[in-house]
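Asks: Okay, handing you the structure first.
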Amino acid sequence: QVAIPSGYRVCLPSEAEWEKAARGDDGRLWPWTGGWQEGRANTKEAGLEQTSPVGLFPAGRSAHGLLDMAGNVWQW
């Protein structure tokens, strides 16, 4: 459980907010630039076959500096 400072609101992002955070402002398909690249997300190809801690794939960082915006759940 996390204590929320007074005056702050915490919520999940809307679909549009999530898309912008993951894809940046230039409409990229993946959080990183260019096409699909193995080793940038926890997917089946990574071979972990389980979820992983955020930050294990720093090369998959989004344009806004966010990690694990692709992979780590349904992709594997």
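Asks: I'd like the GluC sites (Glu not before Pro) in the range 12-76 restricted to DSSP loop residues with at most 12 other Cβ atoms within 10 Å, sorted by number.
Replies: Loop-located and lightly packed - Glu38, Glu49.
Asks: Using a 7 Å offset from the Cα along the Cα-to-Cβ direction at both Glu38 and Asp26, what is the distance between the two label points in nm, to one decimal?
Replies: A separation of 2.6 nm, rounded to one decimal place.
Asks: Another question, if that's okay. Mean residue ellipticity at 222 nm from the helices of the chain, using -39,500 (n - 2.57) per DSSP H segment of n ≥ 4 over the full residue count, to the nearest 500 deg cm²/dmol?
Replies: So the helix-based figure for the chain works out to -3500 deg cm²/dmol.
Asks: Can you pull out the trypsin sites (Lys or Arg not before Pro) in the chain whose DSSP state is coil and whose Cβ has at most 13 other Cβ atoms within 10 Å? Each step should come with its number before you reach the end.
Replies: Numbers: sites: Arg9, Lys20, Arg23, Arg28, Arg40, Lys44, Arg61; in loops: Arg9, Arg28, Arg40, Arg61.
When the trypsin sites (Lys or Arg not before Pro) of the chain are filtered for loop state and at most 13 Cβ neighbours within 10 Å, Arg9 remain.
A short reminder: the numbers here are calculations on the coordinates, not readings from a lab. Keep in mind that this is a model prediction, so the values were computed, not measured. All Cβ positions, glycine included, derive from the backbone under ideal geometry; neighbour counts span all protein chains shown.
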